[in-house]
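Okay, structure first, notes after.
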Amino acid sequence: MSSPWPPLREELRGLAPYGAPQLDVPVALNVNENPYGPSPRVVADIAAAVAEVAGSLNRYPDREFTELRKGLADYLARETGVVVAPEQVWAANGSNEVMLQLLQAFGGPGRTAVSFAPTYSMYPEYARDSMTGWVAGRRRDDFGFDLEHARELVAEVRPSVVLLPSPNNPTGTALPHDVIGTLCELVPDGVVVIDEAYAEFRRAGTPSALELLASHRNLVVTRTMSKAFALAGARLGYLAAAPEICDAMRVVRLPYHLSAVTQAVASAALRHAEELLGRVDELRHERDRLVGWLRERGFEVADSDANFVLFGRFADRHAVWQGLLDRGVLVRETGPDGWLRVSVGTPAEMAAFTEALVEDTR
Ligand code: PMP
């Protein structure tokens, strides 16, 4: 009898690649991008930075991405008021890659990663790809974090890695500090990864997990330039943690994983942080308006600290999703059944979305 072709690992057989549909639609509100591209001035500066490294692309890049690390550390200090040294910063091609590297280093066969659903749908894939066991606990029905349930689950599973988005994707709400601090204490032999992909959008008064770094050596805070920073196409994610954790990342990373082009683009973008992040307040305002509008119309909406909103509930969410798509508006069919997720776009995109939703659910 012949073996299956191609000779895939058994647990990968028949699986479809992960990914939101990349459809050519007038209004794309499905992957939480920042709708505002860079200005001509920033485009010119990024292009000049690439031109500068282009002449030495015959050489491998700086493996330690020294300048970029410093730029990221400076940015974090400005954004949160927390002083972070360059040795506490690590970066890779998107925070997706950062988190895969974390699981390669701290997960692996015989170890388990834990999250609490609804949670970011890529986490089980990082676990699978790094051959780490995967256990998903749950959140409360209102999507709040259930610390008692978490306490019981981690005592039972003894995870090596806990992965938690804050603000949570897909629900949108940030975690309180006491939950993060308690989890770090409950998992002294593992690492607690707080995925702050959307942190810059958090509501006023919501702290960043970075403030807890100094008091918990097993805390890792990941961030990305893909969302608020409006740089999804460049693929740059990073983390802040104890220097020993960054040293562990060095062991598992592929040689020269961050290209000279990526480093140049990200460093140039960091020099224009103020402008690239300049629309964040506007997007938060647009988000709060959207939450208010949806609630006024009788939809259920989770509180959002992010640039997306989870709303429902629909007896047949796929039909609503399809109805919106038929009207040129692409949202995301993700999260608990009955709910849909919409990214916050420009005022014109939001108007197109609300109009389409009214027609679709009439
Ligand atoms: N974490 C969360 C919670 C996300 O929603 C995303 C992107 N959808 C990522 C991480 C990964 O983003 P990137 O790889 O672009 O940094």
LEU213 vs (1) closer than 26 Å to ASP303 by Cβ; (2) crowded, with 20+ Cβ neighbours inside 10 Å; (3) within 16 Å of the ligand (Cβ to nearest atom): all pass except (3)
Taking into account only those residues within the range 342-352 that are crowded, with 24+ Cβ neighbours inside 10 Å and not small (Gly, Ala, Ser), which is farthest from ARG289 (Cα to Cα)? VAL342
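Mind checking whether some residue in the range 101-117 is assigned by TED's automatic domain parsing to the domain that holds ALA150, near the ligand (Cβ under 10 Å from one of its atoms) and within 22 Å of THR173 (Cβ to Cβ)?
Initial filter on the range 101-117 (assigned by TED's automatic domain parsing to the domain that holds ALA150): 101-117.
Add one more test, that the residue is near the ligand (Cβ under 10 Å from one of its atoms), and what stays is none.
Looking for residues that are assigned by TED's automatic domain parsing to the domain that holds ALA150, near the ligand (Cβ under 10 Å from one of its atoms) and within 22 Å of THR173 (Cβ to Cβ), one finds none in the range 101-117, hence no.
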Look at the range 122-152 and say how many of its residues are farther than 27 Å from LEU12 by Cα, in contact with a strand residue (DSSP E or B) (Cβ under 8 Å, 6 or more places away or on another chain) and part of a helix (DSSP H, G or I). 2
Out of the residues in the range 281-331 that are farther than 21 Å from ARG140 by Cβ and among the small types (Gly, Ala, Ser), which is surrounded by the most Cβ atoms within 10 Å (Cβ to Cβ)? GLY323
Filter the range 21-76 for residues that are within 30 Å of GLY335 (Cβ to Cβ), of a type in the set (A, V, I, L, M, F, W, C) and surrounded by fewer than 12 Cβ atoms within 10 Å (Cβ to Cβ) and give the result. LEU23
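Every residue in the range 158-175 that is of a type in the set (Gly, Ala, Ser) and either surrounded by fewer than 24 Cβ atoms within 10 Å (Cβ to Cβ) or not assigned by TED's automatic domain parsing to the domain that holds ARG138 (or both), please. Break it down stepwise before answering.
To start, the set of residues in the range 158-175 that are of a type in the set (Gly, Ala, Ser) comprises 160, 166, 172, 174.
Across the range 158-175, the qualifying residue is only SER160.
So that you can scan it fast, the table gives a plain yes or no per residue for (1) over 18 Å from PHE201 (Cβ atoms); (2) touching a Gly at 6+ places or on another chain (Cβ under 9 Å):
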site	(1), (2)
ARG279	no, no
SER304	no, yes
ARG327	yes, no
GLY335	no, yes
Residues in the range 242-253: is at least one modelled with pLDDT of 95 or more, among the basic types (Lys, Arg) and within 16 Å of the ligand (Cβ to nearest atom)? yes
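Mind listing whichever residues of the range 1-26 are more than 30 Å from TRP321 (Cβ to Cβ) and modelled with pLDDT of 90 or more?
Step one: filter the range 1-26 for residues more than 30 Å from TRP321 (Cβ to Cβ), giving 1-10.
Answer for the range 1-26, where residues must be more than 30 Å from TRP321 (Cβ to Cβ) and modelled with pLDDT of 90 or more: TRP5, PRO6, PRO7, LEU8, ARG9, GLU10.
Residue-by-condition table, conditions (1) away from the ligand (no atom under 16 Å from the Cβ); (2) in a loop (DSSP other than H, G, I, E, B); (3) in contact with a Gly (Cβ under 7 Å, 6 or more places away or on another chain):
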site	(1), (2), (3)
ALA155	yes, no, no
LEU164	no, no, no
VAL179	yes, no, no
GLU185	yes, no, no
ASP189	yes, yes, no
Selection status of ALA306, within 16 Å of THR171 (Cβ to Cβ), modelled with pLDDT of 95 or more and outside the structural domain of GLU196 (by TED's automatic domain parsing): yes
Residue satisfying all of: in the range 204-258; outside any loop (DSSP other than H, G, I, E, B) and among the polar types (S, T, N, Q); farthest from LEU57 (Cα to Cα) among these: SER215
When ILE194 is run through (1) among the hydrophobic types (A, V, I, L, M, F, W, C); (2) part of a strand (DSSP E or B); (3) at pLDDT below 95, the failure sits at (3)
Which condition number does ALA228 fail, the rest of (1) out of contact with any helix residue (DSSP H, G or I) (no Cβ under 8 Å at 6 or more places or on another chain); (2) within 16 Å of the ligand (Cβ to nearest atom) being met? (1)
Filter the range 87-98 down to residues that are away from the ligand (no atom under 15 Å from the Cβ) and either surrounded by fewer than 19 Cβ atoms within 10 Å (Cβ to Cβ) or assigned to a strand (DSSP E or B) (or both), then give me how many there are. 1
Quick check on the range 99-121: of everything there that is among the aromatic types (Phe, Trp, Tyr) and not in a helix (DSSP H, G or I), which residue is farthest from LEU183 (Cα to Cα)? TYR120
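The values are calculated or read from the model by the stated rules, or taken from the named source; none is laboratory data. Since the structure is predicted, the reported quantities are computational estimates derived from the model, not experimental observations. Here Cβ is always computed from backbone atoms with ideal geometry, including for glycine, and neighbour counts include all displayed protein chains.
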